[in-house]
Amino acid sequence: MDHPGYGDFRARREATVWQQLNRILRVLLVLASLLVIVSLFLPQYKKLKQSRSEIEALQGQVGEQKILLTRQMREVNLLKTDPIYLETIARDRLDLMKEGETIFRIEQPRGTARK
C-alpha cells in the first residue's frame with residue numbers, strides 16, 4: 001500500500017532530476033555553441049595576426065627602400081652637379097690616378113657587406 005505522501009515526494013524528486021538534467025543540457029548547449037563560434041573565428045584570427053606581421057615586415061622593407069632611394073638620389077645629384085665627386089668616382093672605378101698622386105686603398109675583409 002502506498003503511503004499518501006510518498007507519491008508526492010517521488011513526483012517532486014523526479015521533477016528535480018529533470019530540472020537538473022535540463023540545466024545540464026542548457027549548459028552543454030551553451031558550451032557547444034561557444035565552441036562552434038570559437039572554431040569559426042579562430043582561423044580568421046590567425047589569418048589576421050599573420051597578415052599584420054606580413055604588413056609590419058613589408059613596412060620595414062619600404063623603410064629600407066626609402067633609405068636606399070634617398071642615398072641613390074643623393075649620389076645621382078652629386079654626379080650631375082659636383083665635378084670633383086664625379087672625377088673621384090670615375091677614377092676610383094677605373095683605377096686611374098693623376099701624375100704624382102699616391103693612392104691608398106683600404107679594403108674591407110671579405111664577407112662584410114658595405115652599406
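Could you pull the Rg and Dmax for region 9-73, using just the Cα atoms, both in Å?
27.8, 94
Report, ordered by chain and residue number, the lysines lying within cross-link reach of Lys98, taken as a straight Cα distance under 26 Å and ignoring same-chain residues fewer than 8 apart.
Once the sequence-local lysines are set aside, what remains near Lys98 is Lys80.
Mind listing the Cα extents of the chain along all three principal axes, in Å, largest one first?
134, 31, 14
If r is the Cβ-Cβ distance from Ser53 to Ala32 and R0 is 41 Å, what FRET efficiency results, to the nearest 0.05?
The value I calculate is 0.80.
Tell me the net charge near Tyr85. Cut-off is 15 Å between Cβ atoms, Tyr85 excluded, with +1 for each Lys or Arg and -1 for each Asp or Glu.
Around Tyr85, the surrounding residues sum to +1.
No lab work stands behind these numbers, since they all come straight from the coordinates. Note that the structure is predicted; figures quoted are calculated from it, not measured. Positions of Cβ are backbone-derived with ideal geometry, glycine not excepted, and every protein chain shown enters the neighbour counts.
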